[in-house]
Amino acid sequence: MSHHRAHTILGLTEKGCVMAMNRIQFQPGMSLFEFFRQFGTEAQCGAVLEQGRWPQGFRCPRCGGAAHCVLRGRARKTFQCNACHHQTSLIAGTLFEGTKLGLRVWFLAIYLISQAKTGLSALALKRDLGVSYPTAWLIQHKLMQAMVEREDGYLLCGTVQVDDAYLGGELNDGTAGRGSENKVPFVAAVSLDADGHPLRAKFAQLPGFTRKAIAEWASAALSPESTVLSDGLACFAGVTDAGCAHQPTVVGGRKPKELPMFHWVNTVLGNVKTSLSGAYHAFGFSKYAERYLGAITYRFNRRFDLHALPNRLLVAALATGPRPERWIRVAETHC
Ligand SMILES: [Zn+2]
């Protein structure tokens, strides 16, 4: 369906696959003017946040009561429940809990991150928001975390093409490293429609290309009814341990990317590497690769609706609970 629509829009009848991808570039994004019209003041951002949290009006998070009063003289709008007297600030219980930054800063960060074509570095965010580098880094990682948690709710299903790849592996001076502790093994998976065009993708860091690692990844990322196509790398048989069917293509002498069925996963892999190329040199890239990949996944899976992306990321941030700096950085010791 989607590629027929692309044909109509662009008036082209050939190279349907390429056109389906290019259609994304023809979408109007939200202009900076439009953004500042809607989210230019603290009051506007606060109203949007309140509407997003309580579309039917305030509800006490403790007792569910609707009757409340608003306390004056607080830094953040604070509600007090008439029934149980529980107090809730506008940002309590969301990703923004505890922040000292204005909501305008967060909203602009959400806008910039969701509109940037190939991801946005913490350095660019620091410059654009006028905040310190550690603050920009934390904003970026909190928002990426919200994307990761949103994506975790989706499983790929149907026909799924998988491939193995590495990210990074270069030293800070740009030369290839020998030990390359920054080199990250990851799996790319793309679900395909009946015409063989990509629907959704998942990119995930793996501890290594072993059958056990693939089995664990597949049980978290794929619906058990999926049929997985791979190039026959032994570890991919691990998807059957997660209940999926496996159709390996034994590649005799040819590189998988030369085979038509590997076209999409390779195209998508190329996009991932381009998007992350600026991030490889970031301090601790390998420690946070899961988050960078999650952000890429989130964006890829919403590529046909870029205009709505800022709003959707805001909704994701509201749905994600508090993720304090300590928690965001604790990941360092686990990965
Ligand atoms: Zn209450």
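The values are calculated or read from the model by the stated rules, or taken from the named source; none is laboratory data. Since the structure is predicted, the reported quantities are computational estimates derived from the model, not experimental observations. Here the Cβ positions follow ideal geometry from the backbone for every residue, glycine too, while neighbour counts run over all protein chains shown.
Annotations for the structure displayed:
- Filtered residues of region 84-95 (kept if at positive phi and either crowded, with 20+ Cβ neighbours inside 10 Å or more than 10 Å from the ligand (Cβ to nearest atom) (or both)): Gly93
- Scanning region 101-130 for residues that are crowded, with 17+ Cβ neighbours inside 10 Å and among the charged types (D, E, K, R) returns Arg104, Lys126.
- Top-ranked residue of region 66-83 - restricted to ones that are more than 9 Å from the ligand (Cβ to nearest atom) and in a strand (DSSP E or B), ranked as farthest from Lys100 (Cα to Cα): Cys69
- Checked against (1) farther than 19 Å from Met144 by Cα; (2) among the aliphatic types (A, V, I, L, M); (3) away from the ligand (no atom under 16 Å from the Cβ), Leu103 passes all but a single condition, namely (1).
- Residue in region 142-149 that is within 16 Å of the ligand (Cβ to nearest atom) and either in a loop (DSSP other than H, G, I, E, B) or surrounded by fewer than 20 Cβ atoms within 10 Å (Cβ to Cβ) (or both) present: no
- Residue count for region 195-231, restricted to those that are loosely packed, with under 15 Cβ neighbours inside 10 Å and either of a type in the set (Lys, Arg) or in a loop (DSSP other than H, G, I, E, B) (or both): 8
- Long-range neighbours under 8 Å by Cβ, at least six apart or interchain, first residue surrounded by 18 or more Cβ atoms within 10 Å (Cβ to Cβ) within region 274-298, second modelled with pLDDT under 70 and of a type in the set (Val, Ile, Thr): Ser275/Thr118
- Whether a residue is surrounded by 14 or more Cβ atoms within 10 Å (Cβ to Cβ), within 28 Å of the chain's Cα centre (by Cα) and not hydroxyl-bearing (Ser, Thr, Tyr) was assessed, and Gly65 does not pass this test.
- The residues of region 27-65 that are without any contact (Cβ under 8 Å) to a residue 60 or more places away in the chain and within 16 Å of the ligand (Cβ to nearest atom), listed by number, are Trp54, Gln56, Gly57, Phe58, Arg59, Cys60, Pro61, Arg62, Cys63, Gly64, Gly65.
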